[in-house]
Amino acid sequence: MPATLEQTGTNVITPRSVFILRFVSTIALWTVALLIMFSGYEILFWLLISVFGMIGLLEFYRMLDHKGLPNFKITGMICGAVMLAGSFYYFSKIGPAHSYDFEVAVLLFFLLTVFGRQLFARLRHDEPLQTMAYTLFGLLYVLWLYNFITKIVYLTPRSSTGQLTGQFYVLYLIAVTKFADMGAYLTGSAIGRHLMVPHISAKKTWEGFCGAIGFALLCSLALFKLMPGHLPALTWTHATVLGLLLGVAAVLATWSRRSARRPGRINHQAQH
């Protein structure tokens, strides 16, 4: 019994340790991301986007496993890898202008693959429908939406030397949303008093919400000021509106993620 109590005490996670972990992981990830963004190598863009996409998809299926919900995890991961590799090849050769055809083909590939997989599974009653639904939902909710980052990379014309330019808009998107998360955490921890959605999270406050929007707006305007040559499609109006919208979207995404994780008490580390 004493050993059990001692073991429980050593596993206590303090706010300081959470902050240090977030800070270190943020510095490491931003260092790698910036080096890849400014390198100009398309293969590195593909590797960076694909790794985080596959990690997010795996985390989703692990969440389902934790809750005891049926899914074809391996089949879903294979479909995800095919989609990420295929989208980069398609966009690099043809461009995102005709991406509708590719996306419809990918969705059809998902459906046929999952339907074919369930034919070989010994499932009873309504388990086949549940398994297919959870597997397809992970592919659509996590990876298909996430793969719009690939489209952004190839959205803008290449430079005169043939280098990609869309990665800087991806950098802008990630930076603004990350600053929104940081603003919500710092402001909510410092002066947070009024709870927003206590049934989802007992730590989300209106003060943190305002901090998220404020930090996102400042980051958006700062990046537009510091990188005008890399973000030529934006104006001050665009930077202001996008900063506000991305700040709100970042908060809503956090709520939806916590709402999905809350019943299973899954670790909250996928946001990094």
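The values are calculated or read from the model by the stated rules, or taken from the named source; none is laboratory data. Note that the coordinates shown come from a computational prediction; the quantities given were computed from them, not determined experimentally. We place every Cβ from the backbone using ideal geometry, glycine too, and count neighbours over all the protein chains shown.
Some notes on this structure:
- Qualifying residue in region 148-167 (condition: touching a Gly at 6+ places or on another chain (Cβ under 8 Å), of a type outside the set (Lys, Arg), more than 27 Å from Ser99 (Cα to Cα) and surrounded by 21 or more Cβ atoms within 10 Å (Cβ to Cβ)): no
- Pairs where the first residue, in region 23-42, is on the phi > 0 side of the Ramachandran plot and the second is modelled with pLDDT of 80 or more, C-beta under 6 Å, 6+ apart: Gly40/Gln163
- Of the residues screened, Ala270 is not one that is modelled with pLDDT of 65 or more, out of contact with any Lys or Arg (no Cβ under 7 Å at 6 or more places or on another chain) and surrounded by 15 or more Cβ atoms within 10 Å (Cβ to Cβ).
- Taking each residue of region 59-74 that is farther than 14 Å from Met132 by Cβ and looking for partners that are part of a helix (DSSP H, G or I) with beta-carbon atoms closer than 6 Å, six or more apart or interchain, yields Phe60/Gly138; Phe60/Val142.
- Residues in region 186-244 that are hydroxyl-bearing (Ser, Thr, Tyr) and within 24 Å of Arg16 (Cβ to Cβ): Thr187, Ser189, Ser201, Thr205.
- Check on Leu21, over 22 Å from Gly166 (Cβ atoms) and either among the small types (Gly, Ala, Ser) or part of a helix (DSSP H, G or I) (or both): yes
- For region 87-106, filtered to residues that are in contact with a helix residue (DSSP H, G or I) (Cβ under 7 Å, 6 or more places away or on another chain) and not β-branched (Val, Ile, Thr), the residue that is surrounded by the fewest Cβ atoms within 10 Å (Cβ to Cβ) is Ser92.
- When Arg193 is tested against (1) outside any helix (DSSP H, G or I); (2) within 18 Å of His230 (Cα to Cα), only condition (2) is not met.
- Search result, residues across region 209-232 that are out of contact with any Leu (no Cβ under 9 Å at 6 or more places or on another chain), aliphatic (A, V, I, L, M) and assigned to a loop (DSSP other than H, G, I, E, B): none
- Selection count, region 142-171, where residues are outside the structural domain of Pro96 (by TED's automatic domain parsing) and touching a Cys at 6+ places or on another chain (Cβ under 9 Å): 0
- Restricting attention to region 204-244, the residues that are among the basic types (Lys, Arg) and more than 15 Å from Tyr185 (Cβ to Cβ) total 1.
- Residue among Phe115, Phe110, Phe102, Phe91 that is hydrophobic (A, V, I, L, M, F, W, C), assigned by TED's automatic domain parsing to the domain that holds Leu47 and in contact with a Cys (Cβ under 6 Å, 6 or more places away or on another chain): Phe110
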